[in-house]
């Protein structure tokens with residue numbers, strides 16, 4: 001019994017998802033109460049629907065619109081799930097719009113988010129500031145900057161005179177981040193071969209890693225990463241990362257920021273390196289299968305396959321899958337043998353918060369619109 005309980009925790013207990021029909025309908029002034037997984041911020045209901053589509057287990061959602069008057073929960077996007085994939089109840093309510101995941105509708109394409117929202121602020125996630133003539137130019141700058149995912153622009157009549165015409169460029173993760181990495185006998189984990197394909201540069205990157213090296217201090221963020229190469233992808237994606245150290249025992253990737261100096265020291269546990277900038281990243285890191293490793297959680301569903309190679313092919317072929325874990329016959333519980341768990345996290349632009357602010361304009365990069 002103890003073994004079984006540990007296995008449930010590590011190999012993400014779930015069952016194959018039942019097929020759901022494509023349902024694009026949005027139901028205005030309707031709440032799907034209960035069954036919440038989490039809530040995120042969205043500027044509109046279409047963005048909320050895309051968040052639900054990318055979330056591994058979201059089946060339907062309720063979005064609290066700006067005209068909601070019961071409290072101050074504007075722009076709240078509640079992601080929801082039930083075993084049937086359908087809401088248990090529906091309640092008419094003014095100021096909310098509900099709908100369904102689009103997982104069953106189309107391939108998982110990168111969304112074009114072209115609208116600019118007036119009197120809306122995306123607070124937080126800033127990494128660069130500049131002054132531009134208007135919100136359109138601010139959006140163009142965001143689109144041209146590889147790290148920028150969304151922006152906020154202070155208009156000419158903004159309340160703070162000192163920040164009028166200020167363009168705030170903002171960052172959110174657009175690469176796969178495995179939430180939990182643990183060692184587990186009988187498990188093999190890896191990534192879809194399509195998980196990270198950049199489109200901005202012709203020049204190939206020259207990978208720069210420093211084995212058995214630590215760069216102590218200057219940490220601003222730590223994330224799970226299965227390898228130094230995976231850690232390097234995370235550092236390359238973040239505009240503040242100047243270098244990194246990956247711990248091979250804890251699977252922690254330490255992102256560091258110090259543009260003035262880089263001081264190294266010897267260590268058995270660490271590999272350090274530099275980010276790639278303005279070049280085409282190679283995808284070889286994503287082809288490696290990591291034996292004895294479980295990427296716990298973030299399951300879309302599981303399928304039964306013969307081996308880890310077939311599991312990786314399943315993940316690569318599935319437009320929604322970003323990474324996977326396969327359980328072979330070395331797993332103690334026979335119920336898990338040959339299960340291939342397909343997994344994903346949200347990688348579309350997602351502001352950490354959305355609020356009403358007079359004479360502010362906010363929007364997203366247009367990189368996916370061309």
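For 171, 32, 131, 370, which order do you get if you count the other beta carbons within 10 Å of each Cβ and list the fewest first? Each step should come with its number before you reach the end.
Details: 171 20, 32 24, 131 13, 370 7.
Exposure proxy ranking, most exposed first: 370, 131, 171, 32.
Which distance in nm do the two modelled labels at residue 212 and residue 112 give, with both placed 7 Å along the Cα-to-Cβ direction?
My value for the distance between the label points is 5.3 nm.
What ranking of 189, 212 emerges when the number of other C-beta atoms within 10 Å of each C-beta is taken as an exposure proxy, fewest first? Spell out each step's value before the answer.
On the way: 189 27, 212 11.
Ascending number of Cβ neighbours within 10 Å: 212, 189.
If neighbour count is taken as other Cβ atoms inside 10 Å, put 122, 75, 129 in order from fewest to most.
Details: 122 29, 75 24, 129 10.
Sorted ascending by nearby Cβ count, the order is 129, 75, 122.
Where both residues lie in the range 180-343, what percent of DSSP beta bridges are antiparallel, nearest 5?
95 percent
For the chain, what does the alpha-carbon gyration tensor say about shape, rounded, prolate or oblate, given a ≥ b ≥ c as the root eigenvalues, a/c under 1.5 as rounded, and a/b over b/c as prolate?
Numbers: a/c = 2.06, a/b = 1.13, b/c = 1.83.
Note, shape of the chain comes out oblate.
Binning at 10 angstrom from zero up to the longest distance, how are the C-alpha pair distances of the range 103-221 distributed in percent?
In order of increasing distance, the bins hold 9, 27, 29, 22, 10, 2, 0 percent.
For the chain, modelled as a Gaussian network with Cα springs under 10 Å, which listed residue fluctuates most, 296, 307, 335?
335
So if each residue of separation counts as 0.36 nm, and I subtract the Cα-Cα distance between residue 277 and residue 22, what length gain in nm does that give?
Numbers: separation 255, 0.36 × 255 = 91.80 nm, distance 3.98 nm.
Difference between extended and current length: 87.8 nm.
If each Cα of the range 219-302 is one equal point scatterer, what is log10 of I(q)/I(0) from the Debye formula at q = 0.13, 0.16, 0.21 Å⁻¹?
The Debye formula, applied to the Cα set alone, gives -0.45, -0.66, -1.05.
Compute the FRET efficiency between residue 313 and residue 84 as 1/(1 + (r/R0)^6), taking r as their Cβ-Cβ distance and R0 = 30 Å, and round to the nearest 0.05.
According to the calculation, E is roughly 0.50.
Using the Cα atoms of the range 228-367 to build a convex hull, what is its mean projected area in square nanometres? Please list the in-between numbers first.
Numbers: hull surface 51.8 nm².
That works out to 12.9 nm².
So what is the calculated 222 nm ellipticity per residue for the chain, using -39500 (n - 2.57) for each DSSP H run with n of 4 or more, over all residues, to the nearest 500 deg cm²/dmol? Walk me through the intermediate numbers first.
Details: 5 runs with 49 residues, N = 370.
Roughly -4000 deg cm²/dmol at 222 nm, from the helical runs in the chain.
With the chain treated as a Gaussian network of Cα nodes joined by springs under 10 Å, which of 71, 299, 36 yields the largest mean-square fluctuation?
Judging by the Gaussian network model, the answer is 71.
Where a ≥ b ≥ c are the square roots of the eigenvalues of the C-alpha gyration tensor, would you call the range 14-100 rounded, which needs a/c under 1.5, or, failing that, prolate if a/b is larger than b/c, or oblate? Can you show the working numbers first?
On the way: a/c = 1.91, a/b = 1.67, b/c = 1.14.
Prolate, because a/c is 1.5 or more and a/b exceeds b/c.
Could you state the per residue volume, in Å³, of the convex hull enclosing the Cα atoms of the range 31-186?
Details: hull volume 26.2 nm³, N = 156.
Per-residue hull volume (Cα only) is 168 Å³.
Mind ranking 79-85, 158-164 by how tightly packed they are, going by the mean number of other C-beta atoms within 10 angstrom, highest first?
On the way: 79-85: 17.0, 158-164: 11.6.
Highest-to-lowest ranking by the protection proxy: 79-85, 158-164.
With r as the distance between the Cβ atoms of residue 194 and residue 70 and R0 = 41 Å, compute the FRET efficiency 1/(1 + (r/R0)^6) and round to 0.05. Don't skip to the end; give the middle numbers.
Numbers: r = 43 Å, r/R0 = 1.05.
Calculated transfer efficiency: 0.45.
Any chance you could check the Cα centroid distance between the range 310-370 and the range 208-272 for me, in angstrom?
The range 310-370 and the range 208-272 have Cα centres spaced 23 Å from each other.
Each reported figure results from applying straightforward, stated rules to the coordinates on display, with no laboratory input. For clarity, every value in this text was computed on a predicted model and none was experimentally measured. Cβ atoms come from the backbone with ideal geometry, glycine included; neighbour counts cover every protein chain shown.
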